[in-house]
Every structure is written in C-alpha cells, then in structure tokens.
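The values are calculated or read from the model by the stated rules, or taken from the named source; none is laboratory data. Only a predicted model underlies this, so the values are computations on that prediction, with no experimental measurement involved. A quick note on method: Cβ atoms are made from the backbone with ideal geometry, for glycine too, and the neighbour counts reach across all protein chains shown.
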Amino acid sequence: MNYTDERRGLLKFVPPNFLPVTVLVLETAELLPDVRNLLPAARIAFMSPTRTPPVEKLCVESRADLLVANYLRGQLPTEPKIFELILAQEILSAGETLYPTLLALNHLLTDSGAMLTRFTESTWTKARLVKLLDDAIYKEIRFLRDGDFWLVKARKCTAEVAALKELFTDEIRAELSRLLHRIEYDIDVDENFSRLMTLCEREGIFDEYLTDFIDQVVVHVDAKTLIRSRAETFGRVLTFDE
C-alpha cells in the first residue's frame, strides 16, 4: 500500500504505525478509512452527536467504535489519559465552548499524545491560536500549510517531559504533586519539604526530573524560588527557565 497517498489533510501529521495506538476522531467520519489504513492496529473511537446509517457503515468498515455524544456540550469521557491521538478537525469553530472543550480534550490525551486540528487565516492567526492553546496547556505547537488551511499539531507535553514522566509510577507522581502543592500554598512547609526530599531520595528522583515536574505543577514564581533555595541545602540544583 502507498501510505504517502493516504496522508492527506490532518493525516500529514500521522506517520504509519503498526502498534495498537488509541485514537479519537471527532465528527469528521470521512477521516476514518485513511486513519485505519495508516494505523491498522489502532483502537479507534469515533464521536458523533447523531447515529446515522452512513456513519454506522463507515465505523463498521473502519473498525471504529461509535460514541454517540456531543463533545461541545461536555459529553466526553471523564477518565484521563485515554488517547494518544485526537483528530478534532473542526474544533476551532466551537465558539464559546472552545476553551473548556480544549481543556477537556487535553485531559484525555496521554502524556505523549497530541491533538490535530486546522484553521484558515480568515478565522484565526497563528499568534492568537498559540496563546489559546498555551492557555489550554498544550505544548510543542506545530503548523503545516495545506492549501487554504493551516494544519495544527499540539502536544500535551514536550517530548522531554513526556519521556521523563514515564520513569515513575502514577502513585509517585501523585505524591510528588501533592507535596509540591502543599509547599506552594504554605501548608506545613518544613514538614512537607522534608517529605519531598525523602521521596526524591527514596525513589531516585533526579534534579532534571524534579525541575521539569515543578515547572508543570507549581504556578507561583515565589514558590519556585523557595523550593530552589531549600533544595540547595540538600545538595540539589534546580534551574528554572526565566
């Protein structure tokens, strides 16, 4: 099969992959055959607000699960980190529900996952879209020209952070996040910082990982400065981007 011919539109961002990746396609049913051709072992879910015979036929032919729900009304799965790829071709025309929908889709992406969409210059500018996606906690935003459209690929995390996250279990990351938030909001700071350093020593959490993790979860600059200063007394060097 000539996969190059199948990589049209948003799928220009999707190289062939024979692993069982998880994919969510929103509303644009015509993408399903090409998605299946490029990702023969993928677990594909297709979401549509209505069930129609043509949509059911495409789902059967493309071996995609049909989810009848309206994502613009918040009807999305609640479990986090389900999909490695979300194709949301028309999401940028969502109007007033756009920002909360982007946040909800981000919640569904795995750490290494990405959302794909598109826009025309008559509706968006790159600068405006980058600000929106940045506010909705997307990283590594890429653009690709495709005729009248700009194609967009926005990752949940940078590749480096995603790789680092895979080094530790969800339970360890949850405890790390809990301790950092308690320190940030001045809750038993001495005790929680001691627990933070103990956790890092016990689990082998190294300075680069800790720095990137803090950048992800700690909002206030003063809190980062405090953590960096105290970490130095334990022989740790945390260097944050200015």
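Within the range 28-48, the set of residues being in contact with a Ser or Thr (Cβ under 6 Å, 6 or more places away or on another chain) and either over 13 Å from Leu58 (Cα atoms) or outside any helix (DSSP H, G or I) (or both) comprises just one member, Arg43.
Applying a threshold of 7 Å to beta carbon distances and a minimum spacing of six or more residues, or different chains, the list of pairs starting in the range 136-155 at a residue that is assigned by TED's automatic domain parsing to the domain that holds Leu10 and loosely packed, with under 13 Cβ neighbours inside 10 Å and ending at one that is at pLDDT 90 or above and assigned to a loop (DSSP other than H, G, I, E, B) reads Asp148/Thr120. Residues in the range 112-146 that are under 21 Å from Val25 (Cβ atoms) and of a type in the set (D, E, K, R): 3 in all. The set of residues from the range 224-240 being assigned to a helix (DSSP H, G or I) and either of a type in the set (Lys, Arg) or touching a Ser or Thr at 6+ places or on another chain (Cβ under 9 Å) (or both) comprises Lys224, Arg228, Arg230. The single condition among (1) surrounded by 13 or more Cβ atoms within 10 Å (Cβ to Cβ); (2) at pLDDT 90 or above; (3) outside any helix (DSSP H, G or I) that Ile187 does not meet is (1). Of all residue pairs spaced 6 or more apart or on separate chains, those with beta-carbon atoms under 8 Å, a first member in the range 160-174 that is modelled with pLDDT under 65 and a second member that is of a type in the set (Ser, Thr, Tyr) and part of a helix (DSSP H, G or I) are Leu164/Tyr209. Summed over the range 106-121, residues that are among the charged types (D, E, K, R) and buried (at least 20 other Cβ atoms within 10 Å of the Cβ) total 1. Can you find even one residue in the range 89-105 that is crowded, with 20+ Cβ neighbours inside 10 Å, modelled with pLDDT under 90 and closer than 24 Å to Leu32 by Cβ? No, that holds for no residue. Restricting the range 21-57 to residues that are charged (D, E, K, R) and in contact with an Asp or Glu (Cβ under 7 Å, 6 or more places away or on another chain) leaves a set whose member that is modelled with the lowest pLDDT is Glu27.
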